[in-house]
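Student: Just dropping this structure here.
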Amino acid sequence: MKESKLIWMSGKVVDWKDAKIHVLSHGLHYGTAVFEGIRAYQTDKGPAIFRLEEHYERLYDSAKIIQMEIPFDKDTLINATCNLISDNKLDSCYIRPIAYFGYNELGLNPGENPVEVGIAMWEWGTYLGQDGLENGIRCKISSWTRLDSRIMSPHAKTAANYVNSGFAKREALSCGYDEAILLNSNGFIAEGPGENLFLIKDNVIYTPPIQDCVLKGITANSVITIAKNLGYEVEHKSLIRDELFLADELFFTGTAAEVTPIREVDERIIGSGKRGPITEKIQSEFFDIVHGKKSAYSDWLKVVN
């Protein structure tokens, strides 16, 4: 992670080192924060942010679910994001907007605590590694269960939810794997710690429905559109782990993971044990789109001038 120079904090642009909050901020103690992960890619027209509006719409949806009122409108945050990329002189970057209950009083109820908003960005390569993009990664079915909607909202991208993801991630790494796959409380496949999952069998692409406690992934939504436009059939379907073992191809999607193939699950080789042909075709199309090489998808990109 390479630090940039400036961070936007509740209407003010401050130096990276000065972006500080009070130690008694409510969001720090109780996880009452919502956030997004967004990427900007280098294109011939300048840096372009991928599906910026959709990401901010989801931020406000997450805030609504946890009864948080963000004190800035969407256009203000969009403009602040674009200006910050220019101010930081970044050609490409990962962007992290966050809204959190700040400091006033402690206690489970956020009460009168102010809502603070920050936007940070930095240069960040592929989350699961360049080798993973090309050759696939090894995954473990986690012993941790994906949060259920009766416990926490899986559709709210809250800081608290990612403790669950962190448990799964660290377990997978400690067992020698690259990433985890979580089941929901009914035993169906949910998602990775920070990724949506896709399975390919007999040229049909499957992905778990949102009812299986899956975050509504913006990259996942994009990949579904891409796959359909390439002529593939895509279905939302509840999946059990056996279906993963017998898949022709598997891959993850996400802002951080982009489109990452899975070559192995719990010591079972998936397909040929490398990136499959359909995954490669979707992956190639995705990277052409985000780098501005496909005019048909230009409305997915916000070019920063």
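Student: Out of curiosity, is residue 42 modelled with pLDDT of 95 or more, exposed (fewer than 14 other Cβ atoms within 10 Å of the Cβ) and not basic (Lys, Arg)?
Tutor: So residue 42 fails the test.
Student: With 69, 57 as the choices, which residue is in a loop (DSSP other than H, G, I, E, B), of a type in the set (D, E, K, R) and at pLDDT 95 or above?
Tutor: Details: 57 fails: in a loop (DSSP other than H, G, I, E, B).
After ruling out the rest, the residue left standing is 69.
Student: How many residues are under 16 Å from residue 81 (Cα atoms) and either part of a helix (DSSP H, G or I) or out of contact with any His (no Cβ under 8 Å at 6 or more places or on another chain) (or both) if we restrict to region 38-47?
Tutor: Narrowing region 38-47 to residues under 16 Å from residue 81 (Cα atoms): 38-42, 46-47.
Now restrict to residues that are either part of a helix (DSSP H, G or I) or out of contact with any His (no Cβ under 8 Å at 6 or more places or on another chain) (or both): 39-40, 46-47.
Here the count works out to 4.
Student: Here is a further query. Pick from 78, 85, 98: which is open to solvent by 20 Å² or more (accessible area, probe 1.4 Å), in contact (Cβ under 8 Å) with a residue 40 or more places away in the chain and not in a loop (DSSP other than H, G, I, E, B)? Working first, answer last.
Tutor: Values: 78 fails: open to solvent by 20 Å² or more (accessible area, probe 1.4 Å); 85 fails: open to solvent by 20 Å² or more (accessible area, probe 1.4 Å).
It is 98.
Student: So, in region 134-153, of the ones that are open to solvent by 20 Å² or more (accessible area, probe 1.4 Å) and basic (Lys, Arg), which residue ends up modelled with the lowest pLDDT? It would help to see each step written out before you state the result.
Tutor: Of all residues in region 134-153, those open to solvent by 20 Å² or more (accessible area, probe 1.4 Å) come to 134-135, 138, 140, 143-145, 147, 149-153.
So of that shortlist, the ones also basic (Lys, Arg) come out as 138, 140, 150.
Details: 138: 98, 140: 98, 150: 91.
Here the answer is 150.
Student: Using the structure shown, decide if residue 268 is open to solvent by less than 70 Å² (accessible area, probe 1.4 Å) and of a type in the set (D, E, K, R).
Tutor: Details: open to solvent by less than 70 Å² (accessible area, probe 1.4 Å): no; of a type in the set (D, E, K, R): yes.
It is false that residue 268 is open to solvent by less than 70 Å² (accessible area, probe 1.4 Å) and of a type in the set (D, E, K, R).
Student: Continuing with the same structure: Of all residues in region 154-192, which are part of a loop (DSSP other than H, G, I, E, B) and either crowded, with 18+ Cβ neighbours inside 10 Å or within 16 Å of the chain's Cα centre (by Cα) (or both)?
Tutor: Within region 154-192, the subset part of a loop (DSSP other than H, G, I, E, B) is 154-157, 159-160, 175-178, 184-188, 192.
If the condition is that a residue be part of a loop (DSSP other than H, G, I, E, B) and either crowded, with 18+ Cβ neighbours inside 10 Å or within 16 Å of the chain's Cα centre (by Cα) (or both), then 154, 155, 156, 157, 159, 160, 177, 178, 184, 188, 192 are the ones that fit.
Student: Here's another thing I want to ask about it. What residue, among those in region 232-269 that are of a type in the set (Val, Ile, Thr) and farther than 13 Å from residue 178 by Cβ, is nearest to the chain's Cα centre (by Cα)? Step through it out loud before you land on a result.
Tutor: Step one: of region 232-269, the residues of a type in the set (Val, Ile, Thr) are 234, 240, 253, 255, 259-260, 262, 265, 269.
Going one step further and asking which of them are farther than 13 Å from residue 178 by Cβ, we end up with 234, 240, 253, 255, 259, 269.
Details: 234: 21, 240: 23, 253: 8, 255: 4, 259: 11, 269: 26 Å.
The extreme case among them is 255.
Student: If you don't mind, another one. Please verify whether region 4-20 includes one or more residues that are open to solvent by 20 Å² or more (accessible area, probe 1.4 Å), of a type in the set (Phe, Trp, Tyr) and under 20 Å from the mean Cα position of the chain (by Cα).
Tutor: no
Student: Let me ask you something else. Look through region 283-305, keep the residues that are out of contact with any Ser or Thr (no Cβ under 9 Å at 6 or more places or on another chain) and assigned to a helix (DSSP H, G or I), and return whichever of them is surrounded by the most Cβ atoms within 10 Å (Cβ to Cβ). Explain how you work it out, then say what you get.
Tutor: Going through region 283-305, the residues out of contact with any Ser or Thr (no Cβ under 9 Å at 6 or more places or on another chain) turn out to be 284-285, 287-288, 294-296, 298-299.
Pick out the ones that are also assigned to a helix (DSSP H, G or I) and you get 284-285, 287-288, 295-296, 298-299.
Details: 284: 11, 285: 19, 287: 15, 288: 13, 295: 8, 296: 8, 298: 13, 299: 9.
For region 283-305, the residue satisfying everything is 285.
Student: Name every residue in region 193-223 that is surrounded by 20 or more Cβ atoms within 10 Å (Cβ to Cβ), among the β-branched types (Val, Ile, Thr) and within 17 Å of the chain's Cα centre (by Cα), in order of residue number.
Tutor: Within region 193-223, 207, 214, 218, 219, 223 qualify.
Student: Considering only region 106-133, state which residues are open to solvent by 30 Å² or more (accessible area, probe 1.4 Å) and touching a residue at least 60 places away in the same chain (Cβ under 8 Å).
Tutor: Of everything in region 106-133, those that are open to solvent by 30 Å² or more (accessible area, probe 1.4 Å) and touching a residue at least 60 places away in the same chain (Cβ under 8 Å) turn out to be 106, 108, 116, 123, 124, 126, 127.
Student: Can you name the condition, by its number, that residue 221 falls short on among (1) in a helix (DSSP H, G or I); (2) more than 25 Å from residue 164 (Cα to Cα); (3) polar (S, T, N, Q)?
Tutor: Status for residue 221: all satisfied but (2).
Student: Within region 15-36, can one find any residue that is part of a strand (DSSP E or B) and of a type outside the set (A, V, I, L, M, F, W, C)? Before the answer, list the steps.
Tutor: Kept after step one, since they are part of a strand (DSSP E or B), are these residues of region 15-36: 15, 33-35.
Still in the running and of a type outside the set (A, V, I, L, M, F, W, C): 15.
Within region 15-36, one or more residues are part of a strand (DSSP E or B) and of a type outside the set (A, V, I, L, M, F, W, C).
Student: Go through (1) among the polar types (S, T, N, Q); (2) surrounded by fewer than 18 Cβ atoms within 10 Å (Cβ to Cβ); (3) under 18 Å from residue 160 (Cα atoms); (4) in contact with a His (Cβ under 8 Å, 6 or more places away or on another chain) and name the single condition residue 67 misses.
Tutor: If we test residue 67 against (1) among the polar types (S, T, N, Q); (2) surrounded by fewer than 18 Cβ atoms within 10 Å (Cβ to Cβ); (3) under 18 Å from residue 160 (Cα atoms); (4) in contact with a His (Cβ under 8 Å, 6 or more places away or on another chain), just (4) comes out false.
The values are calculated or read from the model by the stated rules, or taken from the named source; none is laboratory data. Only a predicted model underlies this, so the values are computations on that prediction, with no experimental measurement involved. Cβ sites come from the backbone with ideal geometry, for glycine too, and all protein chains shown count toward neighbours. Surface areas here come from the heavy atoms of the whole protein model, side chains and all, with no ligands, DNA or RNA. Shrake-Rupley method; radii C 1.70, N 1.55, O 1.52, S 1.80 Å.
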